[in-house]
1. Explain nothing, just the number: dipole magnitude of the range 52-132 about its Cα centre with +1 on each Lys and Arg Cβ and -1 on each Asp and Glu Cβ, in debye rounded to the nearest 20.
2. Tell me, in nm to one decimal, what length is gained between residue 127 and residue 73 on full extension, where the rule is 0.36 nm per residue of separation less the Cα-Cα distance?
3. Taking the Cα centre as origin and putting +1 on Lys and Arg beta-carbons and -1 on Asp and Glu beta-carbons, what dipole magnitude results for the range 81-176, to the nearest 20 debye?
4. First obtain the Kirkwood hydrodynamic radius of the range 128-194 from its Cα pairs, then insert it into the Stokes-Einstein equation at 10 °C and 1.306 mPa s, and state the resulting D in µm² per second as a whole number.
5. Rank 80, 52, 42 by how far each Cα sits towards the positive end of the charge dipole of the range 41-144 (+1 on Lys, Arg Cβ; -1 on Asp, Glu Cβ) and give me just the farthest.
6. Roll a 1.4 angstrom probe over the protein heavy atoms and tell me the percent of accessible area of the range 54-211 that is carbon or sulfur.
7. Need one value: the accessible area of residue 89 in square angstrom, 1.4 angstrom probe, rounded to the nearest 10.
8. Starting from the 7 Å offset along Cα-to-Cβ, what nm value, one decimal, do you get for the label separation of residue 179 and residue 141?
Amino acid sequence: MSVTPIIINRSYALYIGLLMFFTGCSGLPVTPERDTSAKKSIRHLFLGDSYTIGQGVAADKRWPSQLTDSLKARGVSVEASRVIAKTGWTVAGLLNGIREGNPDSSWTHVSILIGVNNQYQRRPVKEFLMGLDTLLLQARRFTPTGTIYLLTIPDYSYTPFAGRDSLRIRSEIEQYNREIRQAAVDRQLILIDVTTVSKSAGKDPSLLADDRLHPSGKQYQVWVDSVLKRVRF
C-alpha cells in the first residue's frame, strides 16, 4: 500500500511554530544560556631581579604590586601573585631561586625580566642565552596554557650610576635586548618595552628611586600601563 506524502507549506509551518512558541504549547524543555561573563581568576608569577622586587621603592610602588592593584581596580579577580626575584641575580641566580621556590603549574601569567646583572658582571652573552632558553622552558611548565611575557632590560646608562662607562653600558644593554627581542619573536611571546622610558631618566630624575639607579614608582607605573595594553588578563 502506498502512502501519499504530506507536503506542508513552509509559511504554514512557520505559523504553527510561532503559535506554539507564544502560547507555550511546545512542551519542550528550555535550555538556559551559558553564562559567558565569568572570567577566570588571575594567578601571576613574576620572575626577575632587583627591577622586579623594586629595589629602592616602597612595596606598594613595585611594578608587580602596581599591576595587581590596577587589575583589581578594573574588576579583574587576582587570586594569587608571587615574586621570585632578588637583587643581583643573573639568569643563573634566578634559575637557582626557581629551583628553591619550586612553583607549581597553576599560574595563568608569567613575566620574565632578567639579564642586567649578566651584563654588569661582564658575563658572556652566550651564557645568558643558554640560561634564558632554560628559563623559558621552565616558565611554560609553570603556565602550560597561559601567558608568558618578556620585559626588556632598562638602560641604566642614563642614570648617574653609569658615570664614564655610559657608552659601553648602553651598547651592551642594547645587545642583550636584541637577544631578548629575538627570543620573544622565536617563541611568539609578548614583549614589553621598558627600555625606552628608562632612557628618559637622564632628563627626568623623578623616574629614578632615591638610589639614583633603579626605577621609581612613577616609572614602574609606566611599565604597568604598557603591560595592561599588551597583555590580556
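1. Approximately 260 debye in magnitude.
2. Length gained between residue 127 and residue 73: 15.4 nm.
3. 120 debye
4. Result for D is 121 µm²/s.
5. 52
6. Carbon with sulfur: 48 percent of the solvent-accessible area.
7. For residue 89, solvent-accessible area is about 50 Å².
8. 2.2 nm
The values are calculated or read from the model by the stated rules, or taken from the named source; none is laboratory data. Predicted model only: the values in this text are computed from it and were never measured. Please note: Cβ atoms are built from the backbone with ideal geometry, for glycine as well, and neighbour counts cover all protein chains shown. Accessible surface areas use protein heavy atoms only, side chains included; no ligands, DNA or RNA. Shrake-Rupley method; radii C 1.70, N 1.55, O 1.52, S 1.80 Å.
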